[in-house]
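The values are calculated or read from the model by the stated rules, or taken from the named source; none is laboratory data. Note that this is a predicted model, so its numbers are computed, not measured. Note: ideal-geometry Cβ built from the backbone for every residue, glycine included; neighbour counts use all protein chains shown.
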Amino acid sequence: MPCIDAIDKKALTFKEDVSVEDAVAKLKKAKAGAAVVLDKDGKAAGTISFKGLISNLMPVSIAIGGGSVSLDAAPGVGKRLLKLYPLTVGEIMERQMYKVAPAARLIEAMRSMMEHAAPAVIVENDDGEYLGIITETSIIERLEAASQE
């Protein structure tokens, strides 16, 4: 079964200049945890996800004399989130992406997701054109449909 058959047809995409606030609102409305960020040429440039936003809000650790100390930012986390809202998704997107070709076997996408603990993989053609995203949900839906055929 080729990867192109398992693309999530409801997946969201954003251009790099969309504000984080707008992206969060659209992700919440769509009940989606992540979206692909496209550059001006329509190619996948990264992803924005709630997981990525949360990691931006986590306390930071600093190394002191060979050990590390965690700086707790809990009281200001809400304010830190509001400070992210005016930024663009291009400024905070996760740039590491895992990609597969449309004709690649679905098992390859599944293997990549498992090896990298990635919730999704990008499907793009040989020219780097974004074709879609395969998510854990879209894999299950495609496998269920295939079992009915």
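Data table
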read-out: Filter result (of a type in the set (A, V, I, L, M, F, W, C) and in contact with a strand residue (DSSP E or B) (Cβ under 7 Å, 6 or more places away or on another chain)) within region 21-49; value: A23, L27, A34, A35, V36, V37, L38, A44, A45, I48
read-out: In region 37-71, residue surrounded by the most Cβ atoms within 10 Å (Cβ to Cβ) [restricted to those that are in contact with a Pro (Cβ under 9 Å, 6 or more places away or on another chain) and modelled with pLDDT under 55]; value: S70
read-out: Within region 26-35, tally of residues that are closer than 17 Å to M97 by Cα and part of a loop (DSSP other than H, G, I, E, B); value: 1
read-out: Close pairs (8 angstrom Cβ cut-off, 6 or more residues apart or separate chains): assigned to a helix (DSSP H, G or I) in region 36-64, modelled with pLDDT under 90 and of a type in the set (K, R) anywhere; value: N56/R80; L57/R80
read-out: Failed condition for S138, given (1) in a helix (DSSP H, G or I); (2) modelled with pLDDT of 95 or more; value: (2)
read-out: Selection count where residues are surrounded by 14 or more Cβ atoms within 10 Å (Cβ to Cβ), small (G, A, S) and not in a helix (DSSP H, G or I), scope region 74-120; value: 4
read-out: Cross-chain or 6+ apart pairs with Cβ under 6 Å, region 19-32 first and without any contact (Cβ under 8 Å) to a residue 60 or more places away in the chain, then of a type outside the set (S, T, N, Q); value: A30/L12; A32/L12
read-out: Matching residues in region 1-25 - criterion: being within 14 Å of the chain's Cα centre (by Cα) and not in a loop (DSSP other than H, G, I, E, B); value: T13, F14, K15, V20, A23, V24
read-out: Some residue of region 99-121 being farther than 14 Å from A35 by Cα, among the β-branched types (V, I, T) and at pLDDT 90 or above; value: yes
read-out: Residue list for region 9-36, filter: farther than 20 Å from R95 by Cα, surrounded by 13 or more Cβ atoms within 10 Å (Cβ to Cβ) and touching a helix residue (DSSP H, G or I) at 6+ places or on another chain (Cβ under 9 Å); value: none
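Yes or no, residue by residue, for (1) more than 27 Å from L82 (Cβ to Cβ); (2) in contact with an Asp or Glu (Cβ under 9 Å, 6 or more places away or on another chain); (3) of a type in the set (V, I, T):
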site: C3; (1), (2), (3): yes, yes, no
site: K28; (1), (2), (3): no, no, no
site: V36; (1), (2), (3): no, no, yes
site: K43; (1), (2), (3): yes, yes, no
